[in-house]
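Asks: This is the structure, below, for whatever I ask next.
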Amino acid sequence: MGIVAALLRSPEQLHRLRAAIRGRYPVSPCDGWDAVRRLCDTEPVSLAVLDLYANGSMDLDPVRQLRRLYPRLVTVAYVAVGPDRIRDVFDAGRAGIDGLIIADRDDAPADLWAILERAETRSVASGLRTALATCDPTVRDAVLVAVTRAHENLTGDGLARLLSIPRRSLTKRLTNAGFPPPPRLLTWGRLIVAAQMLDDLNRSADAVSAALKFPSGSAFRNTCQRYMHATPTELRQRGGAEYVVSLLLAESDRRPRRTAA
């Protein structure tokens, strides 16, 4: 992450956001949507935490404008949700919000920080979804889950359960599409997210390794070498997540396809 733009009317929410970030990144309060856009125009803003009701009622047009103007910006909604706002939450998801923080429910510092990290992975997945548009839907979903759930250290069986498909069938579909089997695909998902996290110069390889539950920093570095013949620093220099995605897709292109029975 770089600078965090915070459009929050509640001083308590701003305090909780800062407590979660713990000085890792600068938080810049904004008093309106125009202020968010000005900040994004002039500073390296990578994350925007937004009260969608900053103008009194929810207005998603400013969110759509941010997504259009700053495609790499990660957007997270921080809202108080009552029965009258449930439908609004679904609308926010369709507008492209990467994460949702519900006030007084999941905004303890550790929970809030986890949501911000997961939002980063969803941002990566949104670009990957386009590249996989012509894939078998099950294969596409498997790749996206490997990325969006990279923090969870899934197993091959766990991936199959999430997709509601027998593991043997999932392996066959992945192989037919030229992708690696579930365990290896899950490692690729973690490496894509790791590369995204390494784009942030404040994150060390050891910190990324711990966040993604590699056994150790050495294990993470060894995995980078085994899969991509590169060190974490070289991944950062070569383009981060986009570079790792290109390697995964290139590997799938080189892998011989099998005709489905």
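The values are calculated or read from the model by the stated rules, or taken from the named source; none is laboratory data. Source: prediction; values computed, not measured. Cβ sites come from the backbone with ideal geometry, for glycine too, and all protein chains shown count toward neighbours.
Asks: Ile97: outside the structural domain of Leu14 (by TED's automatic domain parsing), closer than 22 Å to Ala195 by Cα, aliphatic (A, V, I, L, M) and buried (at least 17 other Cβ atoms within 10 Å of the Cβ), yes or no?
Replies: On the way: outside the structural domain of Leu14 (by TED's automatic domain parsing): no; closer than 22 Å to Ala195 by Cα: yes; aliphatic (A, V, I, L, M): yes; buried (at least 17 other Cβ atoms within 10 Å of the Cβ): yes.
Judged against the criteria, Ile97 is not a match.
Asks: Out of everything in the stretch 139-172 that is of a type in the set (S, T, N, Q) and closer than 25 Å to Ala114 by Cα, what residue ends up being modelled with the highest pLDDT?
Replies: If we filter the stretch 139-172 for residues that are of a type in the set (S, T, N, Q), which is where we start, we get 148, 153, 155, 164, 169, 171.
Next cut, closer than 25 Å to Ala114 by Cα only: 148, 153, 155.
On the way: Thr148: 82, Asn153: 85, Thr155: 94.
The extreme case among them is Thr155.
Asks: Criterion first (closer than 23 Å to Gln65 by Cβ, surrounded by 13 or more Cβ atoms within 10 Å (Cβ to Cβ), of a type in the set (D, E, K, R) and not assigned by TED's automatic domain parsing to the domain that holds Ala195) does Arg24 satisfy it?
Replies: Working: closer than 23 Å to Gln65 by Cβ: no; surrounded by 13 or more Cβ atoms within 10 Å (Cβ to Cβ): yes; of a type in the set (D, E, K, R): yes; not assigned by TED's automatic domain parsing to the domain that holds Ala195: yes.
Considered against the rule, which asks whether it is closer than 23 Å to Gln65 by Cβ, surrounded by 13 or more Cβ atoms within 10 Å (Cβ to Cβ), of a type in the set (D, E, K, R) and not assigned by TED's automatic domain parsing to the domain that holds Ala195, Arg24 comes out as no.
Asks: Go through the stretch 165-195 and report how many residues are surrounded by fewer than 24 Cβ atoms within 10 Å (Cβ to Cβ), out of contact with any Pro (no Cβ under 7 Å at 6 or more places or on another chain) and over 21 Å from Thr134 (Cα atoms).
Replies: 5
Asks: Report the residue count in the stretch 125-164 for those that are among the small types (Gly, Ala, Ser), surrounded by fewer than 19 Cβ atoms within 10 Å (Cβ to Cβ) and farther than 23 Å from Leu73 by Cα.
Replies: Here is the first cut: in the stretch 125-164, the ones among the small types (Gly, Ala, Ser) are 125-127, 131, 133, 142, 146, 150, 156, 158, 160, 164.
Among the residues that remain, those that are also surrounded by fewer than 19 Cβ atoms within 10 Å (Cβ to Cβ) are: 126-127, 131, 133, 156, 158, 164.
So of that shortlist, the ones also farther than 23 Å from Leu73 by Cα come out as 156, 158, 164.
Of the residues in the stretch 125-164, 3 are among the small types (Gly, Ala, Ser), surrounded by fewer than 19 Cβ atoms within 10 Å (Cβ to Cβ) and farther than 23 Å from Leu73 by Cα.
Each row is one residue, and each column tells you yes or no for (1) modelled with pLDDT of 90 or more; (2) on the phi < 0 side of the Ramachandran plot; (3) part of a helix (DSSP H, G or I).
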position: Gln13; (1), (2), (3): yes, yes, yes
position: Arg18; (1), (2), (3): yes, yes, yes
position: Ala35; (1), (2), (3): yes, yes, yes
position: Cys40; (1), (2), (3): no, yes, yes
position: Asn55; (1), (2), (3): no, yes, no
position: Tyr78; (1), (2), (3): yes, yes, no
position: Ile86; (1), (2), (3): no, yes, yes
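Asks: Which pairs turn up if I take residues in the stretch 31-47 that are touching a residue at least 40 places away in the same chain (Cβ under 8 Å) and look for partners that are of a type in the set (A, V, I, L, M, F, W, C) and part of a loop (DSSP other than H, G, I, E, B) with beta carbon separation below 7 Å, at least 6 apart in sequence or on another chain?
Replies: What qualifies is Val45/Leu73; Ser46/Met1; Ser46/Leu73; Leu47/Met1.
Asks: Just one of Pro256, Pro215 is part of a loop (DSSP other than H, G, I, E, B), more than 19 Å from the chain's Cα centre (by Cα) and at pLDDT below 90; which is it? Quick ask: steps written out before the conclusion?
Replies: Numbers: Pro215 fails: at pLDDT below 90.
Being part of a loop (DSSP other than H, G, I, E, B), more than 19 Å from the chain's Cα centre (by Cα) and at pLDDT below 90 holds for just one of Pro256, Pro215, which is Pro256.
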